[in-house]
Amino acid sequence: MSDSELTYKVGLSMVKGSNRNLILRMEEFGISPKEFFTLDTPALSDSLGLSSGTRFEKMDRDEALFKARKEIELMERHHIRAYFILDSDYPVRLYQIENAPVILYQLGNTSLDSPHIINLVGTRKPTPYGISFCKTLVTDLSAYFSDLIVVSGLAYGIDAAAHTAALENSVNTVAVVAHGLNMIYPAQHRDLAKKIIASGGSIVTEYPFGSTPYRQRFLERNRIIAALSDVTIVAESDLRGGAMSTANSAFSFSREVAALPGRISDKLSSGCNKLIRKQKAHLITSAADLIEITGWQPLGMNVDVTQRNLFPELEGDTKLIYDTISFSADPMQADRIHHLTLLPMPKLMSLLGEMEFDGLIIRHPGNRFSIS
């Protein structure tokens, strides 16, 4: 039986040296995931313009493909889906970062392209002050945004408080983990993970089955927490820790960062206070602060927004995309726009993200777009 297209895509993520840049290079030179594995080494290297020092040897590619076949079997058995970086359903926010994973695995069916996504992170040993903030913030935001999604890392402390606050308010929550989906770490959060899935939330990771957690993977995981969200919110944190890593990642992605201030004598507020002092984070104390930071328009509230030009002056590919979408009476899927404009999918998704940010288009569930 021949391998499926998904097998080749998953296999690509398992090849040593594979990353976003390689995949985009393959797209640029017209090399499909299947051809990556079927071409002989010299032909592949010539097709991609690779030097002898970066050759992908056939033996290594065959080993990655063998692992991918096993992974596909486990995915099917456990109802796990995989997003490949060039596919139209790959999370738009995640695609925009330079070190986006080639594959993202998801257990659950939460839309990772919801219009309103935040992440809440912080210390593993929070005070009642930090826990109360998480609960109040999520409760208040849930009243304004029915499509709100809360992302965190399933760790002890603020992470667990964020997931729990979402569950208590019937808000979908996504846990980004630093290991394969065959396990839950910490093990004490298995029940929490089950509740997340049962409530309509998800657990996601870039790591295949059997991958175990260790320090470097937690740091790598933090960039995904930051990238999936519109804003990173640090509830309580020391000067060092995972939450500061997530905040710094978000800042480097030019995403909004907010931090809960605390007394200068409180060690667990020292990280938050530093982020605010260094102007890496907005000061946040309430849902109203977050709405002001993000510019989101709450349902049923009259919030002043900048008047948009009804006939924006556009040019080049942006105008092509805008005109293509405007001819459709219904929201248009990204792959349909791709077929009509003939723009490479990575470039198209990047431009769509920029146009959405500029208020030119509206993104709907399922990667569908309409004129705003």
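Details
- Pairs, first surrounded by 15 or more Cβ atoms within 10 Å (Cβ to Cβ) in the stretch 343-372, second basic (Lys, Arg) and outside any strand (DSSP E or B), C-beta under 6 Å, six or more apart: none
- Residues in the stretch 103-121 that are of a type outside the set (S, T, N, Q) and open to solvent by less than 10 Å² (accessible area, probe 1.4 Å): 7 in all.
- Inclusion of Val102 among residues that are among the β-branched types (Val, Ile, Thr) and farther than 21 Å from Ala281 by Cα is warranted.
- Yes/no for Gly11 being part of a helix (DSSP H, G or I) and more than 30 Å from His364 (Cβ to Cβ): yes
- Consider the stretch 127-166 and keep the residues that are polar (S, T, N, Q) and within 20 Å of the chain's Cα centre (by Cα). The one that is surrounded by the fewest Cβ atoms within 10 Å (Cβ to Cβ) is Ser146.
- In the stretch 142-156, the count of residues that are part of a loop (DSSP other than H, G, I, E, B), over 26 Å from Gly366 (Cα atoms) and free of Cβ contacts under 8 Å to residues at least 40 places away in the same chain is one or more.
- The stretch 201-242: number of residues that are among the aliphatic types (A, V, I, L, M), more than 24 Å from Val15 (Cβ to Cβ) and open to solvent by 10 Å² or more (accessible area, probe 1.4 Å): 1
- Flag if Asp330 is modelled with pLDDT of 80 or more and either outside any loop (DSSP other than H, G, I, E, B) or loosely packed, with under 10 Cβ neighbours inside 10 Å (or both): yes
- Neighbours by Cβ (under 7 Å, 6+ apart or cross-chain): first from the stretch 3-27, under 15 Å from Thr38 (Cα atoms); second of a type in the set (S, T, N, Q): Leu12/Ser18
The values are calculated or read from the model by the stated rules, or taken from the named source; none is laboratory data. Only a predicted model underlies this, so the values are computations on that prediction, with no experimental measurement involved. For neighbour counting, all protein chains shown are included, and Cβ atoms are generated from backbone atoms with ideal geometry for every residue, glycine included. Heads up: the accessible areas ignore ligands, DNA and RNA and are worked out on the full protein's heavy atoms, side chains in. Shrake-Rupley method; radii C 1.70, N 1.55, O 1.52, S 1.80 Å.
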